[in-house]
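Please read the structure below before turning to the comments.
None of the figures in this text is laboratory data; all of them are computed from the coordinates on show. Note that the structure is a prediction, hence the values are computed from the model and not measured. In this analysis, Cβ positions are derived from the backbone assuming ideal geometry, glycine residues included, and neighbour counts consider all displayed protein chains.
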Amino acid sequence: MVTIANADRTQPNQYKFVGSITHANTRGTRIKGILFNYTTLVNNFNVTFYKSYVNKSKKLNTVVANSTMINTAKDIFNTTTALESYKVTKKITGMFGVNLTGGQLGERKFYNMSIVTGGHGSIKINKRVSTSILVLGIYSPFTQFYEGNWWSAGILLVPFNSWDLKITKTFKFNISTTAVYSYGESFLNYQVLTGGKINF
């Protein structure tokens, strides 16, 4: 469950319920899964299917995902993402990708292309505690709404930090924080997520 709060407090808190399931082959070279979530207040539902291909050296990882979002106001969006990550060291990974979105916002068509770049690192504190840090930069060179450019987008920074606490051999308790920052301006929102991870 995620709690979403706006930095300017103009809107009440929102709550997002998230669930996912992931399957990997025995060699860890093919991964696939599904992620779904529901957010209160805006009443939207999102489902994402994803697949990952890891090369034999395990330094390159290609991720392809398709996500559909629907809300009660009859808005609908479909986003296709292609992301390539490269393992720089054992603990640091760099990434670059492209998002393409098409859909309908009310009675108007909506199109967007965005470029994503960033890095990920992980640290094992001890046998029971580990953490990971992800920072993404997102730039949208094209957004079309009505008949022209709807928004002159800047750069968005998305920091993410996750902590795992190992309770048993198969169960971990997790707490994560993330935010969206408009570069040179202000934080747009922040989120806190708690949950559990079960290994089958």
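Summary table below
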quantity	calculated
Ranking of GLU185, GLU107 by count of other Cβ atoms within 10 Å, fewest first	GLU107, GLU185
Separation in nanometres of the label points that stand 7 Å from Cα toward Cβ, at VAL135 and VAL158	1.6
Cα-centred dipole magnitude for the stretch 52-187, charges only on beta-carbon of K, R (+1) and D, E (-1), debye, nearest 20	1160
Mean shadow area of the stretch 119-200, taken as a quarter of the surface of its Cα convex hull (nm²)	7.7
Descending semi-axes in Å of the stretch 52-187, equivalent ellipsoid built from Cα gyration tensor	32, 18, 16
Förster-model FRET efficiency, 30 Å R0, ALA179 and ASP75, C-beta, rounded to 0.05	0.80
³J(HN,Hα), Karplus 6.51/-1.76/1.60, whole Hz, each residue of the stretch 49-55, x for Gly, Pro	9, 9, 9, 10, 10, 10, 6
Hz values of 3J(HN,Hα) by residue in the stretch 16-30 - Karplus curve (6.51, -1.76, 1.60), Gly and Pro given as x	10, 9, 10, x, 7, 9, 10, 10, 10, 6, 5, 8, x, 9, 9
Karplus-derived 3J(HN,Hα), 6.51/-1.76/1.60, for each residue of the stretch 84-89, Hz, glycine and proline x	10, 10, 10, 7, 6, 10
In the stretch 82-188, the chymotrypsin sites (Phe, Trp or Tyr not before Pro) that fall in loop regions by DSSP, at most 15 other Cβ within 10 Å	TYR146, TRP150, TRP151, TYR183
